[in-house]
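The values are calculated or read from the model by the stated rules, or taken from the named source; none is laboratory data. In this text the structure is predicted, and so the values were computed from the model without any measurement. Don't worry about glycine lacking a Cβ; one is built from the backbone with ideal geometry, like all the others, and counts go over all protein chains shown. To get the accessible areas, we keep the full protein, side chains included, count just its heavy atoms, and leave off ligands, DNA and RNA. Shrake-Rupley method; radii C 1.70, N 1.55, O 1.52, S 1.80 Å.
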Amino acid sequence: EDYDLIIINGVVATPESSQALDIGIKDSKIKTLAAPGQLKDSTAKRTIDAQGAYVTPGGVDAHVHLEEPPLFGKGSSADTYETGSRSAICGGTTTMITFAPQQKSMDSLLSTLSTCHEKADRKCYVDYSFHLLVSNPSATALAEFATLREKGISSLKIYMTYAALQLDDGQILDVLLEARKQGITTMIHAENGAVIDWMTKKLEEKQLFAPKWHVTSHPPVAEVEATYRAISLAEFLDVPILIVHVSSPGAAKHIREAQGRGLPVYAETCPQYLFLTRKDLDRDGFEGAKYCCSPPPREGEADHEAIWRGLEDGTFTVLSSDHCPFLYDDAVTGKKRCISDDFPVGHFKYVPNGLPGIETRLPLAMSASRLNICKFVEVTSTNAAKLYGLYPRKGTILEEVSDADLVVWYPGGEMESFELKNEMLHHAVDHTPYEGRTLSQWPRYTILRGHVAWDRDNGGLIGGKDGVFLPRGPSSLKGSLSEREWDVRDF
Ligand code: URP
Ligand code: ZN
Ligand code: ZN
Ligand code: ZN
């Protein structure tokens with residue numbers, strides 16, 4: 001046989017173009033891209049007729065929390081590597097980068113990394129890698145950055161908030177300097193922890209505990225100030241950064257301004273900042289708690305609009321899920337840990353922060369029909385692959401070099417719209433923030449390295465735990481600007 005799989009009559013979309021092409025797949029790779037009809041005399045084990053539908057690179061979700069210990073002091077993540085990656089593939093994501101969370105009590109990063117390898121090994125339905133989450137930049141940890149690169153890790157995340165994780169400005173500089181030397185991209189959770197703590201105290205003094213006050217306790221100024229500070233520190237050391245999960249138009253403005261000056265400042269946003277608002281936290285009883293994430297959903301349409309525009313104009317490099325669901329009920333007592341007699345619907349400060357979303361990321365964005373198809377591919381797949389050193393093996397559809405990770409969508413108008421229900425999803429939590437929303441698109445097929453793993457109309461999830469670890473190189477997006485000599489970078 002010439003091919004393992006042929007996909008005919010589709011419209012192949014990448015950031016550069018969308019054009020009618022037939023695809024020949026062999027040995028897990030994109031082997032041939034040909035004008036429509038040109039593969040008709042070839043033989044293949046299987047042929048998929050895409051009938052004029054878009055064929056896009058599999059989603060690359062570069063912000064995923066799985067099997068994390070209770071780092072925030074409020075509960076552990078609900079999804080395991082198995083359930084989280086299962087959810088990913090059913091929603092069109094074929095590569096995920098999860099966090100390997102160092103605990104503050106640990107000096108080293110390497111045991112964290114090996115623990116995550118053990119958790120993920122042979123458990124994943126999608127290919128995967130890890131970002132090191134650095135909460136204790138000890139001398140040991142900083143010295144290990146070089147080793148991380150040897151082990152195929154080229155990115156890390158740091159926090160400017162959360163007591164258990166927060167770094168001060170000096171520690172941030174320590175991390176950025178060493179990251180610069182090792183060609184590592186630093187992701188920054190930019191919220192001012194002191195402002196959040198101060199607001200929390202003020203709300204408590206007024207006896208305002210309900211989940212909806214979570215939004216008030218995380219005001220835009222906390223995000224805007226921290227974003228500007230992160231950019232300033234990165235500019236000082238001339239080092240690339242990515243600001244994660246940006247929710248505020250004001251933060252986006254600082255990012256845009258920095259990009260306008262040519263700085264390697266990248267940014268991420270997430271579906272929750274396009275589709276949810278503070279009203280979602282103002283639901284009855286405990287329901288509002290299920291929308292607590294940080295930064296929180298903002299006021300309304302004007303904010304959503306600014307974030308969509310940021311995706312369109314390149315302010316946001318990537319649209320990730322920040323998949324981080326929690327099980328609120330304690331396994332032993334069956335009770336919700338963030339609820340007590342004093343706080344019958346929960347106290348916002350005890351509610352774990354994070355939403356499920358790895359499976360709904362692509363369908364929500366595709367159904368919204370707001371981004372043109374090339375931009376959709378760029379922000380949901382290609383740019384993440386470039387920024388985190390996986391391109392062009394992942395994130396595009398190139399002959400001979402790209403893995404055959406593909407999503408085949410439905411031809412325009414052919415899929416019946418439906419109301420999303422949590423029971424349709426494949427994660428391990430009992431809620432989705434998008435319950436009841438009407439979706440007009442969903443992946444028809446998800447293909448991982450040439451194997452159909454999701455067939456919506458014929459068996460659903462049919463793939464196995466075939467995901468492999470992806471060693472990553474440096475970012476292929478613009479990095480440090482100069483080889484300036486003065487400076488602290490050599491200290
Ligand atoms: O609320 C959120 N975003 N939870 C996940 C942890 C993080 O900061 O990304
Ligand atoms: Zn974060
Ligand atoms: Zn909206
Ligand atoms: Zn996150």
Residue 453 vs. criteria within 25 Å of residue 129 (Cα to Cα), in a loop (DSSP other than H, G, I, E, B) and in contact with a Ser or Thr (Cβ under 6 Å, 6 or more places away or on another chain): no
Residue 381, sole failed condition from (1) outside any loop (DSSP other than H, G, I, E, B); (2) more than 20 Å from residue 21 (Cβ to Cβ); (3) small (Gly, Ala, Ser): (2)
Residue count, segment 176-208 (criterion: buried (at least 21 other Cβ atoms within 10 Å of the Cβ) and of a type in the set (Asp, Glu)): 2
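Here's the yes/no breakdown for (1) closer than 22 Å to residue 216 by Cβ; (2) within 16 Å of ligand 1 (Cβ to nearest atom); (3) among the β-branched types (Val, Ile, Thr):
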| residue | (1), (2), (3) |
| --- | --- |
| 156 | no, yes, no |
| 161 | yes, yes, yes |
| 170 | no, no, no |
| 174 | no, no, no |
| 183 | no, no, no |
| 188 | no, yes, yes |
| 194 | yes, no, no |
| 198 | yes, no, no |
Wholly enclosed helices (runs of 4 or more DSSP H) of segment 234-345 bearing at least 3 residues touching a residue at least 40 places away in the same chain (Cβ under 8 Å) and crowded, with 21+ Cβ neighbours inside 10 Å: 249-260, 301-313
Yes/no for residue 230 being under 30 Å from residue 340 (Cβ atoms) and either in a helix (DSSP H, G or I) or in contact with a His (Cβ under 7 Å, 6 or more places away or on another chain) (or both): no
Output for segment 134-152, where each listed residue is surrounded by fewer than 24 Cβ atoms within 10 Å (Cβ to Cβ), in contact with a Lys or Arg (Cβ under 9 Å, 6 or more places away or on another chain) and among the aliphatic types (A, V, I, L, M): 146
Out of 156, 173, sole residue that is within 24 Å of residue 62 (Cα to Cα), surrounded by fewer than 19 Cβ atoms within 10 Å (Cβ to Cβ) and not β-branched (Val, Ile, Thr): 173
Given (1) under 25 Å from residue 268 (Cβ atoms); (2) out of contact with any strand residue (DSSP E or B) (no Cβ under 6 Å at 6 or more places or on another chain); (3) open to solvent by less than 10 Å² (accessible area, probe 1.4 Å), number of the condition residue 98 does not satisfy: (2)
Test: residue in segment 159-167 that is crowded, with 18+ Cβ neighbours inside 10 Å, within 16 Å of ligand 4 (Cβ to nearest atom) and under 30 Å from residue 468 (Cβ atoms): yes
In segment 119-141, the residues that are closer than 19 Å to residue 446 by Cα and aliphatic (A, V, I, L, M): 126
Residue among 414, 423 that alone is open to solvent by 10 Å² or more (accessible area, probe 1.4 Å), without any contact (Cβ under 8 Å) to a residue 60 or more places away in the chain, outside any strand (DSSP E or B) and not hydroxyl-bearing (Ser, Thr, Tyr): 423
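What's the total number of residues in segment 122-177 that are charged (D, E, K, R) and either farther than 25 Å from residue 192 by Cα or modelled with pLDDT under 95 (or both)? Talk me through it step by step, then tell me what you get.
Within segment 122-177, the subset charged (D, E, K, R) is 122-123, 127, 144, 149-151, 157, 168-169, 174.
Cutting the leftovers down to either farther than 25 Å from residue 192 by Cα or modelled with pLDDT under 95 (or both) gives us 122-123, 127, 144, 149-151.
Matching residues across segment 122-177 total 7.
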Contacts under 6 angstrom Cβ, first residue in segment 86-114 being in contact (Cβ under 8 Å) with a residue 12 or more places away in the chain and more than 15 Å from residue 128 (Cβ to Cβ), partner of a type in the set (Val, Ile, Thr) and surrounded by fewer than 24 Cβ atoms within 10 Å (Cβ to Cβ), 6 or more apart: 102/112; 107/140; 108/140
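Hey, which of the strands (runs of 3 or more DSSP E) in segment 41-146, taking only ones fully inside, have at least 2 residues that are more than 26 Å from residue 18 (Cα to Cα) and either within 14 Å of the chain's Cα centre (by Cα) or of a type in the set (D, E, K, R) (or both)?
Values: elements: 44-49, 54-57, 59-64, 93-101, 127-133.
Ranges flagged: 59-64, 93-101, 127-133.
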